[in-house]
Amino acid sequence: INDINLSAIGEKEYGAGKGYQNFAFIRMDTGLASGIILKNRLYQGENKAAGEIGFARVPVVKNGKVEYVQAESIMTVPMLCEDIGKRLADHPNDLFYSVTCGDVQNVTVENIVKVLGTNSYVNECVREFSVRFGYLLANMVATLDVMLVVIGGDIVKFDNYFFKPVRNVLAETLPF
């Protein structure tokens, strides 16, 4: 059993999943993985790989063409920081440029949080990331028909700047 599955069991017994028969726990930080509880039991699948949503293929546009990549290659907190860092030089008048002193080495979760809600390009980067994740999550929820999804990891530090766009995607795409 891996750490994400143990986390799902912990949420079932002691956390936000207590009282739910069917839910998923997703951790977004250096990776993207989930543990799934179905009918009050950890679901591992035939290969003990159930919940490895990081392996899901998602579309991205590169050079005007759609390519399919593994979700984990674009939907982790370090990848979000990298994306924000790549755009840093294009925004020398942005508050985030000041916060980071224009140095991509200073593009951290803590510094991103400092500018969320201000007039910064960082807000749009986080929103795009959140929407992309929202569609992946909508597919997972629709497939498993779970009642609850608990999200943990560094991504929760972005609070509603992350969660609100995700909730909007779920509301727009799920019939229930």
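What's the angle, to the nearest 10 degrees (0 to 90), between helix 77-88's Cα axis and the longest principal axis of the chain? Roughly 20 degrees, rounded to the nearest 10. Using Cα pairs under 8 angstrom and six or more residues apart, how large is the relative contact order of region 22-122, in percent? Averaging sequence separation for qualifying contacts and normalising by length gives 18 percent for region 22-122. Working from Cα pairs under 8 Å separated by at least six residues, relative contact order for region 4-51 is 35 percent. If you build a Gaussian network model of the chain, linking Cα atoms that sit under 10 Å apart, which residue out of Thr76, Thr143, Thr108 swings the most? Highest fluctuation among the options: Thr143. Considering only Asn93, Asn47, Asn123, the mean-square fluctuation computed in a Gaussian network model of the chain, springs between alpha carbons under 10 angstrom, is largest for Asn47. For Kirkwood radius over Cα pairs in Å, several values are listed as [x] 17.1; [y] 16.2; [z] 19.1; flag the one computed from this structure. Given [x] 17.1; [y] 16.2; [z] 19.1, the calculated one carries the label [x]. Candidate cross-link partners of Lys65 among the lysines, defined by an alpha-carbon separation under 24 Å and a same-chain spacing of 8 or more, comprise Lys86.
So if a site counts as exposed when it's one of the trypsin sites (Lys or Arg not before Pro), its DSSP state isn't H, G, I, E or B, and it has at most 11 other Cβ atoms within 10 Å, what's the longest stretch of the chain without one? The partial results should precede the final answer.
Working: sites that count: Lys18, Lys39, Lys48.
Between exposed loop sites, the widest span is 49-176.
Rounded to the nearest whole Hz, the Karplus-based 3J(HN,Hα) values (6.51 cos²θ - 1.76 cosθ + 1.60, θ = phi - 60°) of region 156-163 follow the sequence 5, 5, 7, 6, 6, 5, 8, 6, with x at glycine and proline. In the elastic network of the chain, a GNM with C-alpha springs shorter than 10 Å, the most mobile of Pro59, Pro165, Pro78 is Pro59.
Quickly estimate the mean residue ellipticity at 222 nm for the chain, helices only: each DSSP H run with n ≥ 4 gives -39500 (n - 2.57), and the total goes over all residues, rounded to 500.
Working: 6 runs with 76 residues, N = 176.
Using -39500 (n - 2.57) per qualifying helix, the result is -13500 deg cm²/dmol.
Read-outs throughout are calculated quantities, based only on the coordinates presented, and are distinct from any laboratory measurement. Nothing here was measured: the structure is a model prediction, and the numbers come from that model. Quick reminder, even Gly has a Cβ in these numbers, built from the backbone with ideal geometry, and neighbours come from all protein chains shown.
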